[in-house]
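Here's the structure, in structure tokens; my notes come after.
The values are calculated or read from the model by the stated rules, or taken from the named source; none is laboratory data. Since the model is a prediction, treat every value here as computed from it, not as a measurement. In this analysis, Cβ positions are derived from the backbone assuming ideal geometry, glycine residues included, and neighbour counts consider all displayed protein chains. To get the accessible areas, we keep the full protein, side chains included, count just its heavy atoms, and leave off ligands, DNA and RNA. Shrake-Rupley method; radii C 1.70, N 1.55, O 1.52, S 1.80 Å.
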Amino acid sequence: MPHNIRYTLLSLRDLAVSFGPFALLTIALLALTYWWLDPNPPKRVVLATGPAQSAYDEFGKRYADALARYGITVELLPSEGSSANLELLRTGRADLGFVQGGSADIGYDDEESISSLGSLFVEPLWLFYREDSAQRLNQTDTITTLTELQGWRVNVGTPGSGVPRLFSTLLDVNRVERNQLQLSELEQTPATVAFLDGQVDAVVFASAPESLMVQMLLQSPGIKLLDFAQSEAYSRRFGYLTPVVMPQGVVDLSKNIPTHDMRLVASTTSLLATSKTHPAILQLFAQTATGLHGGAGWFSRAREYPSLEHSEVPLSPEAVRAIRNGPPFLQRYLPFWLANLVERMWLAMGLIIALALPLSRIVPPLYTFRIRSRVFRWYAELRDIEQRSEGSAEPGGTPVQELLDQLDAMELKVEKIVVPLSHTDELYALRNNIHLVRKKLLRKT
């Protein structure tokens with residue numbers, strides 16, 4: 001191996017050894033920070049949706065497809081609806097879930113353990129009834145208020161959907177006793193089948209217009225939708241309700257369905273998450289929500305949703321930033337995992353660098369000390385030989401020849417010392433000093 005390469009490798013080795021403790025400390029601090037901050041999200045999350053063929057079920061599939069692009073698997077957990085989803089969040093069986101405003105009992109404890117990613121869309125209360133049932137029970141094919149449902153067979157959905165609670169509240173303000181109706185709590189699909197077969201006179205459920213059930217019933221012959229003429233009054237009585245209008249012809253312009261504007265009461269559906277859900281997951285879901293729910297719909301204009309209003313629990317800071325500002329700057333140019341890592345660790349990394357810079361100043365002196373110590377440690381032995389030479393002629397003193405032998409042995413060892421070229425002057429100075437001591441000893445022989 002050429003000498004210049006050998007000396008270069010030697011210098012690099014010494015530098016690496018000197019820099020080693022400093023590098024290990026920095027790596028240890030970074031590893032500790034990574035463990036503490038946990039910047040990378042889990043690869044699997046559970047999203048509580050709703051009954052099959054519901055709007056929640058459909059939106060859940062869209063979220064799963066969107067997050068799959070980031071390598072995250074969204075496991076969809078079917079449920080009865082909003083109330084069931086809230087319970088799944090409370091018990092930790094789901095990380096996120098769709099919850100309709102006013103349909104679940106959200107308390108103070110939920111504010112501590114659950115956060116909102118914003119309101120996603122309005123979810124009207126749909127009350128479909130059969131024309132023949134209205135004709136048979138009320139001698140008219142159209143009903144206009146809830147008070148006209150007395151004696152009807154009405155399916156209000158499962159308790160887990162939250163609709164029974166909401167519908168019961170509306171019956172109370174209309175002074176309609178529950179025992180004046182034949183209420184059933186079938187799931188949405190079997191209830192719709194029974195409704196179309198004439199076994200049920202009316203069905204009540206809350207869903208986004210994207211629901212296949214809603215689309216089908218709006219276009220089924222002999223089925224009508226209750227026009228909530230008092231929708232504005234309901235919204236004034238209950239803060240979680242808002243009046244919405246389904247415009248004439250919005251379902252099917254060619255068939256003019258509906259034939260006139262339909263007034264409905266609706267609540268907003270929010271995406272809720274537990275406090276243990278990773279911040280990066282919250283950010284991704286909020287960003288995805290902007291794309292999925294930001295378009296114009298039957299009851300909203302473009303970019304009206306997702307919204308930071310109508311929240312019954314505190315809003316997630318990640319959701320607020322994502323909805324207001326869109327994707328972070330780094331995510332527009334870097335892969336998600338890298339942008340997320342830098343975004344969540346930049347402050348800690350800055351503090352570590354601020355600590356490391358002053359410490360790095362000790363590396364050059366430490367490197368110099370390590371090299372020079374190979375040479376300087378022999379001066380102690382050389383000085384000892386020189387001092388013993390002063391008493392060599394006295395009784396009990398060390399013979400000169402013995403001192404010369406020690407000096408020769410030391411010189412053989414010194415000749416094997418290898419130092420970087422920048423420190424060879426010190427090595428040659430040591431060898432020269434050994435020669436001077438030898439001359440001094442030879443003069444005494």
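Please give the number of the condition ASN155 fails out of (1) farther than 24 Å from THR288 by Cβ; (2) at pLDDT below 90.
The number of the failed condition is (2).
Restricting to region 266-321, name every residue that is open to solvent by less than 40 Å² (accessible area, probe 1.4 Å) and at positive phi.
none
Could you check how many residues of region 141-194 are closer than 19 Å to SER54 by Cα and surrounded by fewer than 15 Cβ atoms within 10 Å (Cβ to Cβ)?
So the answer is 4.
Give me the pairs, please: first residue somewhere in region 42-60 and without any contact (Cβ under 8 Å) to a residue 40 or more places away in the chain and within 19 Å of LEU217 (Cβ to Cβ), second residue anywhere and polar (S, T, N, Q) and buried (at least 24 other Cβ atoms within 10 Å of the Cβ), beta-carbon distance under 8 Å, and either six or more positions apart or on two chains.
As it stands, the answer is ASP57/THR49, since those pairs meet every condition given.
Which one is modelled with the highest pLDDT among residues in region 96-130 that are among the acidic types (Asp, Glu) and surrounded by fewer than 24 Cβ atoms within 10 Å (Cβ to Cβ)?
Per the stated criteria, the residue is GLU112.
Which residues, taken from region 222-254, are among the basic types (Lys, Arg) and closer than 17 Å to LEU127 by Cα?
Scanning region 222-254 gives a single hit, LYS224.
State yes or no: is ARG136 modelled with pLDDT of 90 or more and not in a loop (DSSP other than H, G, I, E, B)?
Yes.
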